[in-house]
1. Please list, ordered by chain and number, the residues whose modelled amide H lies under 5 Å from the amide H of V104; skip anything fewer than 5 residues away on the same chain.
2. Would you tally the net charge around A8, using a Cβ to Cβ cut-off of less than 11 Å, leaving A8 out, and scoring K and R as +1, D and E as -1?
3. So how do E51, E28 rank on accessible area, 1.4 Å probe, biggest first, that is with the largest at the start?
4. With the other protein chains left in place, how much accessible area per residue, in square angstrom, belongs to the chain at a 1.4 angstrom probe?
5. For region 39-109, place one equal point scatterer on every Cα, skip the solvent, and apply the Debye formula. What is log10 of I(q)/I(0) at q = 0.12, 0.15, 0.24 Å⁻¹?
6. Could you tell me the center-to-center distance, by alpha carbons, between region 9-80 and region 100-127 in angstrom?
7. For region 107-115, what does the Karplus curve 6.51 cos²θ - 1.76 cosθ + 1.60, with θ = phi - 60°, yield as ³J(HN,Hα) per residue in whole Hz, taken in order and with x for Gly and Pro?
8. Ignoring ligands, DNA and RNA, please state the percent of accessible area on the chain from carbon and sulfur, probe 1.4 Å.
Amino acid sequence: MSTVLVYADKPDVRARVKLAVGPLPDRELGLLEFLDVADGPSVVDAVDHGEADICILDAEAAPSGGMGLSRQIKNEIPDCPPTVLLIARRDDRWLASWSLADAVVTHPVDPAELAEVVVALLRRRRALVPRAQSSQ
């Protein structure tokens, strides 16, 4: 089972993201578990303690935006899980590159697009994890 960290300061945004991805976007990956996070320090703590296999971060969250959090965890945490950044405007994709996010999706999300991105990143991460570690 993989854990998807969903960060947004608004509960309705987190709910829409979880609904879009769904608990079983890919049979090969199995069921997904979701970790709701509403503040920046909790994102850093969860990732630092290995509680997430992928992070979906709302760039528009306040006071800690997802762009800054993505850059922080990518720079500070070894073996950081992949991050997906939700942006409000397509034109912000160039700015999102600064965040070091692995993928960028516009919000409101297209469920098919978000699920596809999450599945691809989880498959890639799973392929990179050494066999001995993945069986623990």
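1. Sorted by chain and number, the residues that satisfy this are L85.
2. Details: positive: K10, R14, R16, K18; negative: D9, D12, D36, D39, D58, E60.
Neighbourhood net charge equals -2.
3. On the way: E51 85, E28 135 Å².
So, going from the largest accessible area down, we get E28, E51.
4. Here the residues of the chain average 54 Å² of exposed surface.
5. Scattering profile of region 39-109, log10 relative to I(0): -0.26, -0.41, -1.03.
6. If we compute the Cα centre of each part, the gap is 12 Å.
7. Karplus values, whole Hz, x for Gly and Pro: 10, x, 7, 8, x, 5, 5, 5, 4.
8. 52 percent
The values are calculated or read from the model by the stated rules, or taken from the named source; none is laboratory data. Bear in mind that the values here come from a model prediction, so they are computed numbers and not experimental data. Quick reminder, even Gly has a Cβ in these numbers, built from the backbone with ideal geometry, and neighbours come from all protein chains shown. Ligands, DNA and RNA are excluded from the accessible area calculation, which covers all protein heavy atoms including side chains. Shrake-Rupley method; radii C 1.70, N 1.55, O 1.52, S 1.80 Å.
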